[in-house]
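The values are calculated or read from the model by the stated rules, or taken from the named source; none is laboratory data. Note that this is a predicted model, so its numbers are computed, not measured. FYI the Cβ positions are ideal-geometry reconstructions off the backbone, even for glycines, and counts take in every protein chain you see.
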Amino acid sequence: MKIIANHAHLIPDPTEKDWWPKADAEILLRHLDFCGIDQAVIFAPFACQMNGDRIKANRWALEQAKAHPDRFIVAGNLFPAGSDAFEILRILGEEGVKTAKVHPSVDLYDVSDPLACDCYARAEELGIALDFHTGPHGTRLSLAKPEKFDDLAWDYPRLRMVFEHVGGRPYFEEFVAVIENHRGRAFGGLTSMLYGPESFTSCDLPRRIEELVNLRGHNFIFGLDFPYNSPEINRRDIEIIMSMNIPQAEKEKILGGNLAGLLGL
């Protein structure tokens, strides 16, 4: 079975003053090999990781993916309310990129901000799926409450979205409702949710996922959150998914099939 993982952050070499860890291509390749993963979607760095230059960050990620075309699939990094949003979408569209990371808590913007509307419409037109961080992240919860994503889905009926962390424990059920409300183009990112210190194991989320998949075949996508999760945690996540009481075909969808479909692979 081929495994394709989402949600790997490739980051340029940090300086002594930076808080983020070293996360270059060679470290990620070793991580993938340890976990038995064939390919991974790499997110372009955030602007703060490239001296404030988000365009440069996206071009850097494209270069990393082109250097390892058999292992890496590039995703852009996008601030929908930013002045560079249309230029980044143009670059991604010309390069055939099919998804872009959006992080309301890093860029401190309200997902319902009218300034972002043209960006959402353009992403919809280009067929670029938006991969949103969801759930608590040390910023105002009102920036990205579940109902706002439901509104986005109604306002942009061809826009495809991934909800990373499925809202976290506080909003998991609400984001499941959004996914159910927009079946086929809204996906739940199972990233940092199944095992480890930040996991949801104590509330038995794997059993809830089993229930949802067996009832309705929900669109879940496995993600790494590299480099913040260790190879051991991500390999254990794969083992948890493989041990779930769901059809083999559904396990294969979670571990790459749904992502491949979303990206047109």
Assess whether Leu115 counts as being crowded, with 19+ Cβ neighbours inside 10 Å, modelled with pLDDT of 95 or more, out of contact with any Ser or Thr (no Cβ under 9 Å at 6 or more places or on another chain) and part of a helix (DSSP H, G or I). no
Please verify whether Tyr120 is not in a helix (DSSP H, G or I) and not polar (S, T, N, Q), treating the condition exactly as stated. no
Given (1) without any contact (Cβ under 8 Å) to a residue 24 or more places away in the chain; (2) assigned to a strand (DSSP E or B), Phe222 misses just (1)
Report the residue count in segment 18-60 for those that are of a type in the set (Gly, Ala, Ser), assigned to a loop (DSSP other than H, G, I, E, B) and closer than 18 Å to Lys98 by Cα. 1
Please specify each residue of segment 148-179 satisfying the condition of being outside any helix (DSSP H, G or I) and surrounded by 18 or more Cβ atoms within 10 Å (Cβ to Cβ). Tyr156, Leu159, Arg160, Met161, Val162, Phe163, Glu164
Within segment 1-17, count every residue that is of a type outside the set (Gly, Ala, Ser) and part of a strand (DSSP E or B). 5
Filter segment 129-147 down to the residues that are more than 18 Å from Ala81 (Cα to Cα) and within 18 Å of the chain's Cα centre (by Cα), then identify the one that is surrounded by the fewest Cβ atoms within 10 Å (Cβ to Cβ). Pro136
Mind checking which residues of segment 180-201 are assigned to a helix (DSSP H, G or I) and modelled with pLDDT of 95 or more? Glu180, Asn181
Tell me which residues, restricted to segment 63-79, are under 17 Å from the mean Cα position of the chain (by Cα), among the hydrophobic types (A, V, I, L, M, F, W, C) and over 19 Å from Gly256 (Cα atoms). Leu78, Phe79
In segment 180-196, which residue that is crowded, with 24+ Cβ neighbours inside 10 Å and not hydrophobic (A, V, I, L, M, F, W, C) is farthest from Ile254 (Cα to Cα)? Ser192
From the residues in segment 69-106 that are in contact (Cβ under 8 Å) with a residue 12 or more places away in the chain, assigned to a helix (DSSP H, G or I) and charged (D, E, K, R), which one is surrounded by the fewest Cβ atoms within 10 Å (Cβ to Cβ)? Glu87
Taking interchain pairs and intrachain pairs at least six residues apart, which have beta carbon atoms under 6 angstrom, with the first residue in segment 107-131 and closer than 18 Å to Leu265 by Cα and the second modelled with pLDDT of 95 or more and part of a loop (DSSP other than H, G, I, E, B)? Ala129/Arg160
Arg236 in contact (Cβ under 8 Å) with a residue 40 or more places away in the chain and surrounded by fewer than 21 Cβ atoms within 10 Å (Cβ to Cβ): yes
